[in-house]
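Chemist: Take a look at this one; I'll ask things after.
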């Protein structure tokens, strides 16, 4: 499966006319990137884990997969990335002050073939242990990877922390117009798939955040 996914990523990247390479020399035990922000809601950390790249790989203008790996990244290495965040990046003060965490891998965190489920729940365990004031945990994903049973387990896990925490799912929707979204942006996202995803999110009272392009390509 691992080799198959790497071949799929390479094939789709080429079909999309993209010529970038991947970060094959990156230390797999350190996240691809992370940064802090200070919105009105309080301190936020945005974490981009180093995993296998987005398997869709076709979205126009998106070179984010170039920051991660074409090949599979072992779950044990992703666990070390989690440890790096909580033991090297976050000071005791920041752990206490954090109000929101955004988890990304420049693809889909809920795609278990690229982001280990073990690592995801390990991250939540660390968050519950070390960050007592988190109000929102955001996971970036494509909607087709969101399974109701997994969302229920994730919601239950984050509720076990010291502070009630909301689960937020973030997706790139890009444009309402189907032609612009799928023919120009090559997003590969049909309205029925998004509507089912939104219904599942609403049913379990999770939050939904969508990203849109500010200047869509004209006809």
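Chemist: Helix 117-130 versus the longest principal axis of the chain: what is the Cα-based angle in degrees, 0 to 90, to the nearest 10?
Modeler: Tilt of helix 117-130: around 30 degrees.
Chemist: To continue, here is another question. Can you give me the relative contact order of the chain as a percent, contacts being Cα pairs under 8 Å and 6 or more apart?
Modeler: 17
Chemist: By its C-alpha gyration tensor, with a ≥ b ≥ c as the square roots of the eigenvalues, how is the range 2-212 shaped: rounded for a/c under 1.5, else prolate for a/b larger than b/c, else oblate? Numbers along the way, then the final one.
Modeler: On the way: a/c = 1.81, a/b = 1.26, b/c = 1.43.
Oblate, because a/c is 1.5 or more while a/b does not exceed b/c.
Chemist: Between the range 87-108 and the range 130-168, what is the C-alpha centre distance in whole Å?
Modeler: Distance between centres, Cα-based: 14 Å.
Chemist: For the chain, set up a GNM with springs between Cα atoms under 10 Å and report which of 143, 31, 164 has the largest fluctuation.
Modeler: It is 164.
Chemist: Something else now. Which peptide among 104-115, 185-196 comes first, and what is the full order, when sorted by highest mean count of other Cβ atoms within 10 Å?
Modeler: 104-115, 185-196
Chemist: In degrees between 0 and 90, to the nearest 10, how far off the longest principal axis of the chain does helix 2-15 point, with axes built from Cα atoms?
Modeler: 50
Chemist: Round to the nearest 10 and give me the degree value, 0 to 90, for the angle of helix 191-203's Cα axis relative to the longest principal axis of the chain.
Modeler: Tilt relative to the chain: about 10 degrees.
Chemist: In a Gaussian network model over the chain where Cα atoms closer than 10 Å are linked, find which of 92, 25, 33 has the largest mean-square fluctuation.
Modeler: Highest fluctuation of the listed residues: 25.
Chemist: Checking the a/c ratio against 1.5 first, then a/b against b/c, what shape does the Cα gyration tensor give for the range 1-127?
Modeler: Here the range 1-127 falls in the prolate category.
Values quoted throughout were computed directly from the atomic coordinates according to the rules given, and no laboratory measurement underlies them. Because the structure is a prediction, the values reported are computed rather than measured. Positions of Cβ are backbone-derived with ideal geometry, glycine not excepted, and every protein chain shown enters the neighbour counts.
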